2 protein chains.
Amino acid sequence: MASPKILIIGGGPAGLSAAQDITDAGGEAILVEQEGFLGGTPKRLHYSLLAPDLKPVEEVLDPLIDSVQQSGARCMTGAKVESVNSGRNGFTVTISGGGKKVEEKVDAVVVATGFAHWDPHKKYEYAYGVYPDVIDFKDFEKMLSDGNIVRPSNGQVPRRVAWLLCVGSRDRQVGKFYCCRLGCAVSIKQAMEVRRINPAIDTYVYYMDIRTYGFWEDKLYWKSMEEFGVKYIRGRIGSINRGEDGRLIAMAEDTILQRPSEVPLDMVVLATGMEASEGTRETAAMLGLELEEHGFVKPLESDSMPVSTAVPGVFVCGTATGPKAIPDSITEGSAAAIKALNYVRKRSIKVQARA
Amino acid sequence: MASPKILIIGGGPAGLSAAQDITDAGGEAILVEQEGFLGGTPKRLHYSLLAPDLKPVEEVLDPLIDSVQQSGARCMTGAKVESVNSGRNGFTVTISGGGKKVEEKVDAVVVATGFAHWDPHKKYEYAYGVYPDVIDFKDFEKMLSDGNIVRPSNGQVPRRVAWLLCVGSRDRQVGKFYCCRLGCAVSIKQAMEVRRINPAIDTYVYYMDIRTYGFWEDKLYWKSMEEFGVKYIRGRIGSINRGEDGRLIAMAEDTILQRPSEVPLDMVVLATGMEASEGTRETAAMLGLELEEHGFVKPLESDSMPVSTAVPGVFVCGTATGPKAIPDSITEGSAAAIKALNYVRKRSIKVQARA
């Protein structure tokens, strides 16, 4: 049996994981990544530390990138899949990159095209893009990676920083109904990082529900309160305004204390939700994959076949099917790898039987 | 290269998934399950419908069981792994069952030994085992599967049923710090089932945080309120008592309305947490696997290698490493399958190179 050849679209955690397992299994992996580097959104946006252990994101991703590069997988960065045509003997794929086009024949396709951070400009009342001290997750991850926590408006160290959870999540008003699964954990993790870098900065998390499921409960949520002094306020912020001294004023309602308040803040971090990336939407359209109601790729059966799709030979993993933490994306990459390999194997056994 | 032979301990969703993928990949799977049937805890305890789509659990598990049985995997039910000895050429395993013992040589081991429902007898103030109308998740799943929702005390249809979230979870007092990941979803799902069977029954969910992460937010939480009329009360129940008329009285504090109340209820369902099963603890001890701080099997690296362990050739998946929904266990089973297969492949390449 010829060694199976599998196209992987996307070089983030899920795609890297799939490429590694396919190559380790003796398959041939072609990994196509639109950016000029591997690692996906966590690398592109310079994520800082990971929840709950505050481990640098590089410590998780770099070994995976190295092992994929050494595995013999063909990694094409700065490249794009232009077309995929399904035929009797698999798929014919056109890939462009570096000013030229190549055609490849592959036996299966793994979609690992990822997510995008929701754009908080659309939540007008939080004034993102209006007041420079209102920033979002990606802005603050970059700031933490640079180790330089200052108010963008004046370059000074903030005294009070607040996180607003569920921005672009759980919000009918902006058309994003689902929970982003990670907003609580990332906010808490960021607040812990702040407190570790500078314990003089007070940190407040405004929440509807704290969703630190599983071990995040004690390893992240409790720890943030007990060891890092992060403070929690149950309530939704109605709007962010600018006070006379240039500081931000949050119009809040504390739903436990049952009272409205005006809270002066030096910086506000919007815990922005996740949505399907443009690459995910384009790739789904190109491959004829159905989207589910929130705009992500629809798995064949979300309960029992979460990495299979309705298109034979096309598999999907990572945040292309919905919000997901890095470890879950890595696990799904492995699952997609074996499903793709087994698909090719079954098909070639059938072909041999026919011959 | 001889076909890899892999022992899978546990025939629930994770183990079944691993067995299927190993067999589909041309490997030999020996699946050992202590019960007399496959399907694990969901089958043993007669789970009813799955969140969020209210799909019968059989519709998810039965096709998986059938396909494993037809795949050529060797399924040994009513059997137990007595010992595992690691040698130069893999593992020697002793399996007992049906009154006899067999010895097998295998190349790798996948641990899929699952979880146990936390025993609510230990939460004295909720009087489980004292008042018959206080039941727990597993009792109520069985009742829903039987389609017969009645008060155990008198066989009558209840008018008001309440769910108490986080029983044996997020609770320092009982030594269970972590969140069970599923208590909110299962409670809401059960309440929706009740309302579908009998809309005359009022359903109340007492919560600290509603953790319907991801698509469970709108597909489960919102839907339960808007289409099923499930009611939510933020507050913790201090204790369950018996009123003069034989009904239950919950001593509650509503943390939004800020007032204590005595709520008469006909039935209370305790949303019991998850802990490592006895089988998981025994298997870990037998294989020399480390446990993490909550008593589950510790993965090699929870961020990047969630199905690998510190013992070469031993992999782990499903609820043996922590609370997990069925789809996640199925995905992890696939991931453990390819990691085990690739481990055997790498080892045999090394052996060939030495020869």
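The values are calculated or read from the model by the stated rules, or taken from the named source; none is laboratory data. Quick caveat: nothing in here was measured; it's all calculated off a predicted structure. Here the Cβ is made from the backbone with ideal geometry for all residues, glycine too, and neighbour counts use every protein chain on show. For accessibility, only protein heavy atoms count, side chains too; no ligands or nucleic acids. Shrake-Rupley method; radii C 1.70, N 1.55, O 1.52, S 1.80 Å.
Counting Cβ atoms of other protein chains within 10 Å of each Cβ in A:295-308 and taking the mean gives 4. A simple rule links phi to the HN-Hα coupling: the Karplus curve 6.51 cos²θ - 1.76 cosθ + 1.60 with θ = phi - 60°, which for the range B:39-49 gives x, x, 4, x, 7, 4, 9, 6, 4, 8, 9 Hz, with x for Gly and Pro. For the range B:234-320, the set of GluC sites (Glu not before Pro) satisfying both a DSSP loop assignment and a count of at most 13 other C-beta atoms within 10 Å is given as B:244, B:290, B:293. The convex hull around the C-alpha trace of the protein assembly as shown, projected and averaged over every direction, spans 32.8 square nanometres. Residues whose amide H falls under 5 Å from that of residue B:176, counting only those 5 or more places apart or on a different chain, are B:171, with hydrogens built in the peptide plane. Using the Karplus relation 6.51 cos²θ - 1.76 cosθ + 1.60 with θ = phi - 60°, the per-residue 3J(HN,Hα) values for the range B:261-271 come to 8, 10, 10, x, 9, 8, 8, 10, 10, 8, 7 Hz, with x marking Gly and Pro. Counting only aspartates and glutamates at least 8 places from residue B:43 when in the same chain, those with an alpha carbon closer than 12 Å to its own are B:35, B:58, B:59, B:62, B:141. Per-atom-type breakdown for the protein assembly as shown gives carbon and sulfur 49% of the accessible area (1.4 Å probe, protein chains only). If you average the alpha carbon positions of the range B:50-121 and of the range A:34-55, how far apart do those two centres end up, in angstrom? Value for the Cα centre distance between the two parts: 37 Å. Taking Cα centre as origin and charging only the Cβ of basic (Lys, Arg, +1) and acidic (Asp, Glu, -1) residues, the dipole magnitude of chain B rounds to 700 debye.
The value for chain B of Rg(Cα) / (2.2 N^0.38 Å) is 1.09. Residues of the range B:316-344 whose accessible area, computed with a 1.4 Å probe over protein heavy atoms, drops by at least 20 Å² once all protein chains are present relative to their chain alone are B:327, B:330, B:331, B:334, B:335, B:338, B:339, B:342. Remark on the range A:148-185: accessible area falls by at least 30 square angstrom from chain-alone to full-complex state for A:170, A:172, A:177, A:179, A:181, probe 1.4 angstrom. Listed here are the pairs A:105/B:5; B:123/B:298; B:80/B:142; A:5/B:105; A:5/B:346; B:105/B:339; which of them are more than 30 Å apart at the Cα? Listed pairs above 30 Å: A:105/B:5; A:5/B:105. Take the range B:118-274 with all the other protein chains still there, run a 1.4 Å probe, and you get 39 Å² of accessible area per residue. Say each of residue B:67 and residue B:196 gets a label point 7 Å from the Cα, pointing the same way as Cα to Cβ; how far apart are those two points in nm? If labels sit at residue B:67 and residue B:196, their model points lie 2.4 nm apart. Cα to Cα, under 21 Å, and not fewer than 8 places away if on the same chain: which lysines meet these conditions relative to residue A:122? Of all the lysines, those that pass the test against residue A:122 - Cα under 21 Å, at least 8 places apart if same chain - are A:138, A:176. Cα-based values for the range B:203-355, radius of gyration first and Dmax second, are 23.0, 82 Å.
Top mean-square fluctuation among B:123, B:55, B:100, Gaussian network model of chain B, C-alpha springs under 10 Å? Residue with maximal mean-square fluctuation among B:123, B:55, B:100: B:100. Between A:176, A:142, A:101, the GNM of chain A built on Cα springs shorter than 10 angstrom shows A:101 fluctuating the most. Across the copies of the chain, residue A:78 has label points (7 Å from Cα along Cα→Cβ) spaced 6.6 nm apart, shortest distance listed first. Accessible surface buried at the A:B interface totals approximately 5000 Å², computed with a 1.4 Å probe on protein heavy atoms.
A full extension of the chain between residue B:100 and residue B:257 corresponds to an added length of 50.2 nm, given 0.36 nm per residue minus the alpha carbon distance. Annotation for the range A:158-207 versus the range B:239-282: alpha-carbon center distance of 31 Å. Counting Cβ atoms of other protein chains within 10 Å of each Cβ in A:189-196 and taking the mean gives 0. Computed over chain A with a Gaussian network model linking Cα atoms closer than 10 Å, the most mobile of A:192, A:274, A:143 is A:143.
Which aspartates and glutamates, on any chain, are close to residue B:324 with Cα under 16 Å apart, when same-chain ones fewer than 8 places away are left out? Correct list for residue B:324: A:217, A:303, A:328, A:332, B:275, B:292, B:303, B:332. The Cβ shell under 14 Å around residue B:44 holds other residues with a net charge of -3, Lys and Arg each +1, Asp and Glu each -1.
The share of Cα pairs per 5 Å bin across the range B:118-274, counted from zero up to the longest distance, runs 2, 9, 20, 23, 23, 15, 6, 1, 0 percent.
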